[in-house]
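The values are calculated or read from the model by the stated rules, or taken from the named source; none is laboratory data. Every value quoted in this text rests on a predicted model; they were computed, and no experiment measured them. Because the Cβ atoms are built from the backbone with ideal geometry, glycine has one as well, and the counts that use them run over all protein chains shown.
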Amino acid sequence: MRTVLILFTLLLVSCIKNEPDVVLINRSDIDYDSALIFVSEANQTVFRNVKIDSRHAGSIRFDTTVIGDGCYQLEVYNKGELKHQKCFGYYTNGASLNRSFEIEIQKDSVLIEMN
């Protein structure tokens, strides 16, 4: 029984990924200056020149000082003006509960698929 409990704990811990992958797709009719994805403003994932029909890939970086629970922040800018802002996903105790995200910017909304 003890072995089963240890294996279950290891399996559960291995499911947590600290820096989830992210794919950003611009399906709108606007070119954006930048898209920021972050847990804290001190450690951002930045995609620049997000053109129409472009696809960008990276990972969401964690600030090691983040303790507690929260959501990821997405901010999309055009000519320095904030156009889209969204809170998505979930992390707990500084660790992500998701392995990856696919973010699709549409004309009037932002769709996010979590894996």
Report, by residue number, each residue of the range 87-99 that is over 12 Å from VAL39 (Cα atoms) and surrounded by 15 or more Cβ atoms within 10 Å (Cβ to Cβ). ASN98
Result of the Cβ filter at 7 Å on the range 43-68, keeping first residues that are over 25 Å from SER28 (Cβ atoms) and partners that are of a type in the set (Gly, Ala, Ser), at least 6 apart or interchain, is PHE62/GLY94; ASP63/SER40; ASP63/ALA42; VAL66/SER40; VAL66/GLY94; ILE67/GLY94
Which members of the range 56-79 meet the condition of being on the phi < 0 side of the Ramachandran plot and assigned to a loop (DSSP other than H, G, I, E, B)? ILE60, ARG61, PHE62, ASP63, THR64, THR65, VAL66, ILE67
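Examine the range 36-45 for a residue that is surrounded by 12 or more Cβ atoms within 10 Å (Cβ to Cβ) and either in contact with a helix residue (DSSP H, G or I) (Cβ under 8 Å, 6 or more places away or on another chain) or on the phi > 0 side of the Ramachandran plot (or both), and state whether such a residue exists.
No, that holds for no residue.
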Would you mention how many residues in the range 93-108 are more than 10 Å from the chain's Cα centre (by Cα) and at pLDDT 95 or above? 3
